[in-house]
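The block underneath contains the structure these notes are about, expressed in structure tokens.
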Amino acid sequence: MGPLSEAGSTGVFSHRVIEWQRAHGRHRLPWQNTRDPYRVWLSEIMLQQTQVATVLGYYDRFLQRFPDVFALAAASSDDVLALWSGLGYYSRARNLHRCAQAVARDHGGRFPPCAAQLQELPGIGRSTAAAIAAFCFGERVAILDGNVKRVVSRVLGFGGDLSVASQERALWNAATGLLPEASVERYTQGLMDLGATICLARQPLCTSCPVQPLCVAKAEGEPQRYPVKTRRLKRSRRESVWIWLQWRNQIWLSQRPDNGVWAQLWSLPEVASQADWQALCQHWPGTPQQLPTFTHVLTHLDWTLHPVRWGLPDDLTSEALDRIIVSLNAHPGRWFGVDEALLIGLPAPLKKLISSFRLVC
């Protein structure tokens, strides 16, 4: 594997990473300088596929609301999702809640002290388990999140296709072989810092990198070639009409199913097409207002949404209201006041839409 075949055994690579982290790495993030597994775990879950700048506010709000694993375990799913709203990848929030309940119920509120046991908890994968074990318990174990995969594969010139399980295992083995004998916490943080600030995906800052003399990708002059992953996620498109029923300054929201996009969040009922919408509402009383169409971009889906706000008469009878709700054929729901709706778990674009309506009103 080029320059590191020898450096790995002598510790040159790990020594450079550790010394660079000590002098130039990040030291003031709120989840650093602690051995509290709850705080480290929370940050690791939030930081999956999310930038540090975005996570900072959410992290502080979560700790204020749920200062320990018992508080999080005792919360309702709605409370957890409401606080997560806008951070995306909502399966993380659901697993976060399930994991807290498992730790409180099965482990007396104490996170297991080793990566192998941590990995058995809901929502904790191999790299997250290793990060908690390294930072909180000093376990000598490798991490391999997205940023660190990039650093390690470039330095080693690892050309295996990481879409293939055997190649990913090979990279894990290589990363384990690079571990230092001591200071695993600082080494682990150093790899994270390099991936986040120096060894960038598109424009790596190779001249500032402490391990560039050892880096195969730098020597080849093509760092962007690594990591290799040929199997890409297929994107799809969807189009829906969002039905915003408004009655006496209340909004009808239904809770989405346990699986799929925005699982368990509260959202507007939807239909697949304008034709379906026209057929549905032709006998409704009240006045419609077509709101601006927009496309919400998810990891695997471009979802074009056509919101329509339909103001129902204030004096509409409960029987008439019930008939309209039944005709939506939506998941169970209820009426929310505008301010109340903004406190529950909403998809980010809906929260923005309702907030803008409140400002106008």
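The values are calculated or read from the model by the stated rules, or taken from the named source; none is laboratory data. On a predicted model such as this, the values are computed, not experimentally measured, just so you know. Neighbour counts run over all protein chains shown; Cβ positions are idealised from the backbone, glycine included.
Among the residues of region 57-83, how many are surrounded by 18 or more Cβ atoms within 10 Å (Cβ to Cβ), in contact with a Gly (Cβ under 7 Å, 6 or more places away or on another chain) and either at pLDDT 95 or above or not assigned by TED's automatic domain parsing to the domain that holds ARG98 (or both)?
Number satisfying all stated conditions: 1.
For region 170-193, what are the residues that are crowded, with 20+ Cβ neighbours inside 10 Å and in a loop (DSSP other than H, G, I, E, B)?
LEU178
Considering (1) among the acidic types (Asp, Glu); (2) over 23 Å from ILE143 (Cα atoms); (3) not in a helix (DSSP H, G or I), say which one ASP79 fails and leave the rest.
Tallying (1) among the acidic types (Asp, Glu); (2) over 23 Å from ILE143 (Cα atoms); (3) not in a helix (DSSP H, G or I), ASP79 fails exactly one: (3).
If you scan region 57-73, which residues turn out to be without any contact (Cβ under 8 Å) to a residue 40 or more places away in the chain and either within 13 Å of the chain's Cα centre (by Cα) or over 14 Å from GLY86 (Cα atoms) (or both)?
To start, the set of residues in region 57-73 that are without any contact (Cβ under 8 Å) to a residue 40 or more places away in the chain comprises 57-67, 70-73.
Residues satisfying the conditions are TYR58, TYR59, ASP60, LEU63, GLN64, ARG65, PHE66, PRO67, PHE70, ALA71, LEU72, ALA73.
When the residues of region 250-284 are filtered to those that are of a type in the set (D, E, K, R) and surrounded by 15 or more Cβ atoms within 10 Å (Cβ to Cβ), which remaining residue is nearest to GLY86 (Cα to Cα)?
Only one residue tops the list, namely ARG256.
Filter region 140-169 down to residues that are of a type in the set (S, T, N, Q) and more than 23 Å from MET46 (Cβ to Cβ) and give me whichever is surrounded by the fewest Cβ atoms within 10 Å (Cβ to Cβ). Before the answer, list the steps.
Of the residues in region 140-169, the ones of a type in the set (S, T, N, Q) are 147, 153, 163, 166-167.
Narrowing the set further to residues that are more than 23 Å from MET46 (Cβ to Cβ) leaves 153, 163, 166-167.
Values: SER153: 27, SER163: 12, SER166: 8, GLN167: 18.
Taking the candidates together, the pick is SER166.
Yes/no matrix, rows are residues, columns are (1) out of contact with any Pro (no Cβ under 7 Å at 6 or more places or on another chain); (2) farther than 20 Å from LYS229 by Cβ:
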position	(1), (2)
PRO67	yes, yes
ALA75	yes, yes
LEU83	yes, yes
ASN95	no, yes
GLN117	yes, yes
LEU121	yes, yes
ALA131	yes, yes
VAL152	yes, no
VAL155	yes, no
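Answer with yes or no whether ARG39 is part of a loop (DSSP other than H, G, I, E, B), under 30 Å from LEU178 (Cα atoms) and over 13 Å from the mean Cα position of the chain (by Cα).
On the way: part of a loop (DSSP other than H, G, I, E, B): no; under 30 Å from LEU178 (Cα atoms): yes; over 13 Å from the mean Cα position of the chain (by Cα): yes.
Answer is no for this residue.
So which residues in region 178-203 are under 20 Å from VAL141 (Cα atoms) and either touching a strand residue (DSSP E or B) at 6+ places or on another chain (Cβ under 6 Å) or free of Cβ contacts under 8 Å to residues at least 24 places away in the same chain (or both), if there are any at all?
Across region 178-203, the qualifying residue is only ALA182.
Read through the list (1) free of Cβ contacts under 8 Å to residues at least 24 places away in the same chain; (2) in contact with a Pro (Cβ under 8 Å, 6 or more places away or on another chain); (3) assigned to a helix (DSSP H, G or I), then give the number of the only condition that SER127 fails.
(2)
The rows are residues; the columns are (1) within 13 Å of LEU268 (Cβ to Cβ); (2) at pLDDT 90 or above; (3) exposed (fewer than 12 other Cβ atoms within 10 Å of the Cβ); (4) not assigned by TED's automatic domain parsing to the domain that holds GLN250.
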| position | (1), (2), (3), (4) |
| --- | --- |
| PHE294 | no, yes, no, no |
| THR299 | no, no, yes, no |
| PRO313 | no, yes, no, no |
| LEU316 | no, yes, no, no |
| ASP322 | no, no, yes, no |
| GLY337 | no, yes, no, no |
| GLU340 | no, yes, no, no |
| PRO347 | yes, yes, no, no |
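Being in contact with a Phe, Trp or Tyr (Cβ under 8 Å, 6 or more places away or on another chain), surrounded by fewer than 21 Cβ atoms within 10 Å (Cβ to Cβ) and closer than 22 Å to LEU56 by Cβ is the filter here, so list the residues in region 91-115 that pass it.
Residue satisfying the conditions is ARG92 alone.
Could you tell me which of the residues ALA272, ALA279, ALA217, ALA263 is without any contact (Cβ under 8 Å) to a residue 12 or more places away in the chain and aliphatic (A, V, I, L, M)?
ALA279
When you go through LEU312, LEU291, LEU321 one by one, which is the residue that is under 32 Å from the mean Cα position of the chain (by Cα) and in contact (Cβ under 8 Å) with a residue 60 or more places away in the chain?
LEU291
Looking at (1) assigned to a helix (DSSP H, G or I); (2) out of contact with any strand residue (DSSP E or B) (no Cβ under 7 Å at 6 or more places or on another chain); (3) more than 21 Å from PHE70 (Cβ to Cβ); (4) of a type outside the set (D, E, K, R), which is the one condition that is false for GLN167?
(2)
Assuming ARG238 fulfils every condition listed in (1) over 30 Å from VAL155 (Cα atoms); (2) in a helix (DSSP H, G or I) apart from one, which condition is it?
Here ARG238 meets the rest and fails (2).
What number goes with the only condition from (1) loosely packed, with under 13 Cβ neighbours inside 10 Å; (2) modelled with pLDDT under 95 that GLN48 does not pass?
It fails just one condition, (1).
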